[in-house]
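Since the structure comes first, as structure tokens, the remarks are kept for the end.
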């Protein structure tokens, strides 16, 4: 793959054995250009700091594809509201949390409105039928409101290492399409 891929982790990070960590390694094995930055204070994130870090990273790395997991989806949504960011080719929104999230450590990220422009030519929302942070009904509503494609995984939890998503060949194949 000759595209530049930016992986953005959520709350708590996506350290090994998380699929984002695995994916970064798989992309790099084939001399792919991948960036997987650790955002500041991943366990007690601050929206304004994460936005500044993401803006800087977008300017420096200039990705073609962005793959968000969990809270990174919300971070991307905030940036879409505020910034004139460069359009990317593909955006993957994996395991987004509910837009009504009430977790104390994440309060700076909520509430928010769904952006009308996601700054991507193609968008794929990836959801699970039993994600503890967003019901499948909420995911379907989000998909409808954003008018994007959706890929649903059965009983995949929060699509993270705890729910068995370390090595995840589907996302690697998807990125190579």
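Taken together, the values in this text are just the output of simple stated rules run on the coordinates, not laboratory data. Computed from a predicted model, the values in this text were never measured in an experiment. As a convention, Cβ positions derive from the backbone with ideal geometry for all residues, glycine included, and neighbour counts pool all protein chains shown.
Shown is the FRET efficiency for residue 28 and residue 122, computed with R0 = 30 Å from the Cβ-Cβ distance and rounded to the nearest 0.05: 0.80. Label-to-label distance, residue 2 versus residue 38, with points set 7 angstrom from Cα along the beta-carbon direction: 3.4 nm. Each Cα pair under 8 Å and six or more residues apart adds its separation to the average, and for the chain the resulting relative contact order is 23 percent. Place a label point 7 angstrom from the Cα of residue 86 along the Cα-to-Cβ direction, then list the residues of region 10-34 whose backbone nitrogen is under 17 Å away. Answer for region 10-34: 33-34. Over the residues of the chain, the helix contribution to mean residue ellipticity at 222 nm works out to -10000 deg cm²/dmol, using -39500 (n - 2.57) for each DSSP H run of at least 4. Ordering 9-22, 60-73 by mean Cβ neighbour count within 10 Å, with the highest value first, yields 60-73, 9-22.
Taking a point 7 angstrom from the Cα of residue 108 along the C-beta vector, which residues in region 31-58 have backbone N less than 13 Å away? Flagged as within label range: 39-54.
Label separation (residue 137 vs residue 62): 4.7 nm, computed from points 7 Å beyond Cα along the C-beta direction. With the simple spin-label model, which puts each label point 7 Å out from Cα in the Cβ direction, the residue 173 to residue 16 separation comes to 2.6 nm. Histogrammed with a bin width of 10 Å, the alpha carbon distances of region 4-176 distribute as 10, 43, 40, 7, 0 percent, first bin at zero.
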